[in-house]
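Q: Sending over a structure as structure tokens; questions will come in a sec.
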Amino acid sequence: MNRRRSRRGDSSVKPARSSQVSAAGLFLLGLIMGLAGALYYAWVVSPVVYTDASPSRFSETYKAEYIYLVSESYAADGDWERANDRLMALGDEALAQRVDAQLENYLRSQRPATDIEHLAQLAQKLGVEGAAVALFAPDSAAATETPTPLASATPSPTATNTAVPTHTPQPSVTPTATIEPTATPQPNYRLLAQERVCEPGTAVSRIEVETLDALLAQLPGVEVIVRWDSGEDRFFTGFKPEKGAGYGDFTMSPGVSYSVMLADGSPEISGLRIEPCDSGSDGGWRLSFQNLRVILETPTPEKEN
Amino acid sequence: MRQWLRIIGLISLGLIVGGLLGLYLGWIAWPTEFTDANPSVLAEPYQQDYLLMIATVYAADGDLQAAQQYLAKLGDRGPSILNAYVLDEILLGKQGPDVQHLARLAHDLGFDSPALQPYLTPPTETVP
């Protein structure tokens, strides 16, 4: 009896439940279709268009270009506060790293030296420390001094200066001058690094020389002059390619002091001798020279797109 | 017939609710994130600052072609934005190198206005 009632009860409930399920299912079907269609429309067909964006919304390309413009403007007007405000508009927490990476990219893509110098000055102001900054923005004074004021502010429009950049003043020639003004000779290479060469358990008596171009790539075929009290020797880099295209070395004799310089012009590094390392073994020296001219002689006036 | 009306009604109701919900989510709650914007979508103050940088760089290097390329990134309205900006600055009585740079760039790009002339005058040399 109970069973029959129960069955009867079940059969009476079933249609109502299936009706509820189908109603909810139909509504849900419509809901999902509507949701999908609306999201497609809102995200793809007619997305929100930002017209009041800040530079933080820029693509990577435009961010790089923006930083370039900031560096050039800063080089022109020397207004760090303004340059900093502009950089802050990028909203980049890793701004210094971004500028550093862009500087490295400039070096590798052989951008004009002025572009690199200006960006290096900006990087230096942001606290970036690295070989590129040290090379192209060697001291903070260069960045903090007013870099070539373009024009001075004037009280009235009629007395304004045009925006002609004032370059470094030309040397004036005096009537009595009989000697041609000679440019200050600049070495073609700078000493980038001087390090000890120590190999634990092995005596090293070499002077290793590494020559690099301005972009820090190995530079072969550079003549190296080694002098000591009673003699002189010369060799070229690049004859041991397994150690680097710009590598060359010289074997020192014990108790002799040597000096090394590059035939193309570099500082002379003296007082090089075999000296014991911390491990007790004899050690040599490794000198890295960087060419300062290559990049300056390849002006590629390529601008960023 | 009544059954069909019921089905269509439920689906339509779902569509309407889902559509409204989708538009809210797509336009307001989770709008498309623009991370690849270009200078043309910058807010006006940023566009003006962008123009000022172009003008400053142009004053320094004199490369009009490069300046035009940068200006083109502001879209078709780039030149008109520049012209309006420089005139606004002049009418506001702004002085100094910024206005001069803007005026010089606008002038060299072909914008001819008497208002620019005072800012284009070369510096008068003082004769002792």
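The values are calculated or read from the model by the stated rules, or taken from the named source; none is laboratory data. Because the structure is a prediction, the values reported are computed rather than measured. Note that each Cβ is placed from the backbone with ideal geometry, even for glycine, and that neighbours are counted across all protein chains shown.
Q: Which one is modelled with the highest pLDDT among residues in region A:16-54 that are farther than 28 Å from B:Ile16 by Cβ and surrounded by fewer than 16 Cβ atoms within 10 Å (Cβ to Cβ)?
A: Of everything passing the filter in region A:16-54, A:Asp52 is modelled with the highest pLDDT.
Q: Taking region B:36-74, which residues are more than 11 Å from chain A (Cβ to nearest Cβ), more than 20 Å from B:Gln117 (Cβ to Cβ) and surrounded by fewer than 21 Cβ atoms within 10 Å (Cβ to Cβ)?
A: Across region B:36-74, the qualifying residue is only B:Gln48.
Q: Filter region B:37-88 for residues that are closer than 14 Å to A:Asp52 by Cα and of a type in the set (D, E, K, R); which is modelled with the lowest pLDDT? Before you say what the answer is, go through the steps one by one.
A: First, pick out the residues of region B:37-88 that are closer than 14 Å to A:Asp52 by Cα: B:37-50, B:74.
Within this subset, residues satisfying the condition of being of a type in the set (D, E, K, R) are B:44, B:49.
Values: B:Glu44: 89, B:Asp49: 94.
Filtering first and then ranking leaves B:Glu44.
Q: Would you kindly identify the helices (runs of 4 or more DSSP H) lying entirely within region A:49-132 that contain at least 2 residues that are within 12 Å of another protein chain (Cβ to nearest Cβ)? Steps first, please.
A: Working: elements: A:60-77, A:80-88, A:95-108, A:113-125.
Output list reads A:60-77, A:80-88, A:113-125.
Q: Let me ask something else about it. For the list (1) more than 10 Å from chain A (Cβ to nearest Cβ); (2) in contact with an Asp or Glu (Cβ under 6 Å, 6 or more places away or on another chain), I need the number of the one condition that B:Arg77 fails.
A: (2)
Q: So, restricting to strands (runs of 3 or more DSSP E) that lie completely within region A:191-300, which ones have at least 3 residues that are at pLDDT 85 or above and surrounded by fewer than 15 Cβ atoms within 10 Å (Cβ to Cβ)? Working first, answer last.
A: Working: elements: A:206-212, A:223-228, A:231-236, A:247-251, A:258-262, A:269-272, A:282-291.
By residue number, A:231-236.
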